[in-house]
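The values are calculated or read from the model by the stated rules, or taken from the named source; none is laboratory data. Bear in mind that the values here come from a model prediction, so they are computed numbers and not experimental data. Glycine also receives a Cβ, built like all others from the backbone with ideal geometry; neighbour counts cover every protein chain displayed. Surface areas here come from the heavy atoms of the whole protein model, side chains and all, with no ligands, DNA or RNA. Shrake-Rupley method; radii C 1.70, N 1.55, O 1.52, S 1.80 Å.
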Amino acid sequence: MTAAALVARLRAHYLPPPKPAAGLPITAEQLLPGAVLLTEVPSPAGRRIDALVVNLTRSRQGLDGFEIKVSRSDWLAELDAPEKADPWFAATHRWWIAAPSTDVVRPEELPAGWGLMVPSPRSAARMKIVTRADTRTPELGWLELWEIVKKLDRMRAGECAATAEQVRLQLAEQAREQLERIRESATAVSGDAAAAGSALSAVTGLPDWRLRHALEKPSPWLSEALRAVFAVDQLRTGGATEEVVRHVRRVAEQHEQALTALNRALVALAPPTRDEEGEVGT
């Protein structure tokens with residue numbers, strides 16, 4: 001097992017996913033993490049701690065420090081100079097060794113007060129406590145606290161940036177899919193509309209798919225205007241049929257009737273006025 005895999009195990013152990021009650025939604029309080037796990041936090045003396053857990057619940061309080069050992073040789077080198085852990089050992093409530101198994105770190109080899117955790121054989125996420133670490137009152141100075149806060153700030157900034165990038169990619173993908181659907185709906189039109197759109201594109205110079213979309217889902221005025229342009233072009237090129245000519249005339253008559261009715265309505269709403277010479281105006 002790698003060091004990264006052990007860190008992932010520690011994260012899952014201290015930050016399990018929320019478990020709502022049966023039939024109830026997850027509450028805002030349940031979404032809050034019960035701890036924060038920081039990695040590679042330096043000490044004022046220069047020694048970096050592999051993992052530092054800041055516990056945030058009433059039932060589990062304090063700072064848990066971890067040294068991760070994945071090989072027997074690495075652990076034996078630690079035993080040769082255990083004082084290297086002193087800066088962070090003194091600044092934490094509990095001090096642990098996390099190892100893949102007791103074959104790497106044997107419980108009887110632990111210095112006084114140190115604890116040992118290994119992956120639980122009964123769970124894919126939890127850790128098993130082999131030897132419980134002593135709980136002490138930490139000697140946490142300003143410099144250690146500064147390193148913790150600085151690391152926490154950088155971690156949160158990285159999480160915010162990653163979340164923003166994920167949202168940006170999701171929105172870009174949604175926009176791409178929506179544009180693709182619009183283009184597909186604009187091109188998947190009836191044969192008559194497709195032919196009209198192609199002809200109008202040649203006459204007006206506008207994109208073919210836009211005109212075909214306008215013919216398929218237009219407003220009444222736009223539809224008739226585009227069809228009229230198409231019909232006039234057919235007349236100009238000599239390709240118009242009697243049905244097309246009748247259609248254009250019928251549309252023109254309908255528009256003329258609509259304009260006449262509109263003018264009558266305007267006259268009724270705004271009665272004629274008289275100018276200075278007594279002439280009637282509108």
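Just wondering, is there one or more residues in region 128-137 that are part of a helix (DSSP H, G or I) and surrounded by fewer than 10 Cβ atoms within 10 Å (Cβ to Cβ)?
Within region 128-137, not a single residue is part of a helix (DSSP H, G or I) and surrounded by fewer than 10 Cβ atoms within 10 Å (Cβ to Cβ).
Okay, residues lined up against (1) in contact (Cβ under 8 Å) with a residue 40 or more places away in the chain; (2) closer than 21 Å to Ser120 by Cβ; (3) not β-branched (Val, Ile, Thr):
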position	(1), (2), (3)
Arg47	yes, no, yes
Val53	yes, yes, no
Gln61	no, no, yes
Val70	yes, yes, no
Asp74	no, no, yes
Ala81	no, no, yes
Ala91	yes, no, yes
Val104	no, yes, no
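I need a count of the residues in region 88-98 that are within 13 Å of Asp50 (Cα to Cα) and assigned to a helix (DSSP H, G or I).
Going through region 88-98 one residue at a time, the tally reaches 2.
In region 35-64, what count of residues is obtained for those that are within 16 Å of Lys84 (Cβ to Cβ) and of a type in the set (Val, Ile, Thr)?
Qualifying residue count for the region: 2.
If only one of Leu145, Leu110 is within 22 Å of His93 (Cα to Cα), at pLDDT below 90 and of a type in the set (A, V, I, L, M), which one is it?
The conditions single out Leu145.
Restricting attention to region 21-39, does a residue exist that is open to solvent by 40 Å² or more (accessible area, probe 1.4 Å) and at pLDDT 90 or above?
Yes: one or more hits.
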